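What follows is a short report on a single structure.
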Amino acid sequence: MLMADQALDLTGKLLVAMPGMGDPRFDHSVIYLVSHSDEGAMGLIVNKPAPGVSLADVLDQLESAPPSGGPLHGVHFGGPVETGRGFVLHSDEYCSAIHTLTIAPGFALTATLDILEDIAQGNGPESSLLMLGYSGWGPGQLEGEIAQNGWLTCDVPPGLVFGMTDAKKWAAALESIGIDPLGLSATAGHA
């Protein structure tokens, strides 16, 4: 139970969009919360690929070296804020020479060019998702959306972020907290 002076901290948790939340950009989204405090929240959508965009395209835009035979990484839509800015959510064994933020056990975030070059050369983290843009909330905004039943929150099930296809992540997140996705309705009820 939270005391009145303790803030809810959802850093390192997942937000799972409820049906009918009203914003089509977040329909069936699963968002990994990178930070959450009384100053607001930042998260990255982990299950929405950016159609037709690859790591090679991003490196070409940045005039950096193309991938050298490593796996061709797709790019995800991290959210509607600063969609031209890149972020890499990755496993925590990798640390950039410039700056990496450790979020929670198993998860870190790097937003510097060196990680893209390392991934392209096959020297990057074991697991990663490249995102364009992020999802952001001002003070109290996310808490309000949760209270209005726009989002459910849950711990990160093992393998969900990096080891599962995007199409399965929303249902898997719901199932991890005992909710059958087929039983959810887009209409809210009032007693």
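The values are calculated or read from the model by the stated rules, or taken from the named source; none is laboratory data. Everything quoted here is computed from the prediction, not taken from an experiment. As a convention, Cβ positions derive from the backbone with ideal geometry for all residues, glycine included, and neighbour counts pool all protein chains shown. Just so you know, the surface numbers come from the protein's heavy atoms only, side chains and all, with ligands and any DNA or RNA stripped out. Shrake-Rupley method; radii C 1.70, N 1.55, O 1.52, S 1.80 Å.
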**OP:** List the number of the failed condition for residue 178; all other conditions in (1) modelled with pLDDT under 95; (2) surrounded by 10 or more Cβ atoms within 10 Å (Cβ to Cβ); (3) under 19 Å from residue 13 (Cβ atoms) hold.
**Re:** (2)
Original post:
How many of the residues making up region 66-90 are surrounded by 12 or more Cβ atoms within 10 Å (Cβ to Cβ) and either modelled with pLDDT under 65 or at positive phi (or both)?
Top reply: 4
Original post:
Regarding residue 146, is this residue assigned to a helix (DSSP H, G or I) and among the β-branched types (Val, Ile, Thr)?
Top reply: yes
Original post:
Which residues, taken from region 149-175, are under 12 Å from residue 16 (Cα atoms), in a helix (DSSP H, G or I) and open to solvent by less than 20 Å² (accessible area, probe 1.4 Å)?
Top reply: 169, 173, 174
**OP:** Could you tell me which of the residues 105, 51 is modelled with pLDDT of 90 or more, open to solvent by 60 Å² or more (accessible area, probe 1.4 Å) and of a type outside the set (Asp, Glu)?
**Re:** 105
Original post:
Name the pairs whose Cβ atoms lie under 9 Å apart, with the first residue in region 117-144 and among the charged types (D, E, K, R), the second in a strand (DSSP E or B), and 6 or more positions between them or separate chains?
Top reply: 126/90; 143/41; 143/137
Original post:
Do the conditions hold for residue 145, that is, is it open to solvent by 30 Å² or more (accessible area, probe 1.4 Å), among the acidic types (Asp, Glu), more than 16 Å from residue 89 (Cβ to Cβ) and touching a strand residue (DSSP E or B) at 6+ places or on another chain (Cβ under 7 Å)?
Top reply: yes
**OP:** Name the residue, out of 153, 112, that is within 26 Å of residue 82 (Cβ to Cβ) and without any contact (Cβ under 8 Å) to a residue 60 or more places away in the chain.
**Re:** 112
Original post:
For region 22-34, which residues satisfy the criterion of being open to solvent by 50 Å² or more (accessible area, probe 1.4 Å) and not in a loop (DSSP other than H, G, I, E, B)?
Top reply: 24, 25
Original post:
Listed residues 100, 153; which is in contact with a Ser or Thr (Cβ under 7 Å, 6 or more places away or on another chain) and of a type in the set (S, T, N, Q)?
Top reply: 100
Subject >> Residues (outside any helix (DSSP H, G or I), over 21 Å from residue 37 (Cβ atoms) and not polar (S, T, N, Q)) located in region 107-132 >> reply: 122, 124, 125, 126, 129, 130, 132
